[in-house]
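*Asks:* Just passing along the structure, written as structure tokens.
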Amino acid sequence: TSDNQNRADSRVISNPTFDSNLYFTAEEAYQLITNDDTAKDKVASIIYYKDIGSRRDLTVAESDVEFAGSTETDPGFG
């Protein structure tokens, strides 16, 4: 529950099922970011935002612009 007060609103998933139409397997994800430079850059920009941009109060768009101008040798790249 969001407020940890009303337990009647909560449910426990005891037998989760994996829907391969909605999610990548570990191997599919690995192959995607290994072989697709666009996907690799998108994942890297998301990590950059979560690690650096959000801590500096940048919007996602501002962080994307900063990431696009960075290099792997930049001290802020991570």
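The values are calculated or read from the model by the stated rules, or taken from the named source; none is laboratory data. Quantities reported herein were computed from a predicted structural model and do not represent experimental measurements. All Cβ positions, glycine included, derive from the backbone under ideal geometry; neighbour counts span all protein chains shown. Just the protein is used for accessible areas: all its heavy atoms, side chains included, with ligands, DNA and RNA removed. Shrake-Rupley method; radii C 1.70, N 1.55, O 1.52, S 1.80 Å.
*Asks:* Could you compute the FRET efficiency for Ile46 and Ala8, with r as their C-beta to C-beta distance and R0 at 25 Å, rounded to 0.05?
*Replies:* Computed FRET efficiency for Ile46 and Ala8 comes out at 0.10.
*Asks:* Now for a different question. Considering only protein heavy atoms, with the full assembly of protein chains and a 1.4 angstrom probe, order Ser14, Ser70 by accessible area, largest first. Present the calculation step by step, with values, prior to reporting the outcome.
*Replies:* Numbers: Ser14 110, Ser70 25 Å².
Sorted descending by solvent-accessible area, the residues read Ser14, Ser70.
*Asks:* Take Thr38 and Thr17, extend 7 Å from each Cα along the Cα→Cβ direction, and tell me the distance between the two endpoints in nm.
*Replies:* If labels sit at Thr38 and Thr17, their model points lie 3.3 nm apart.
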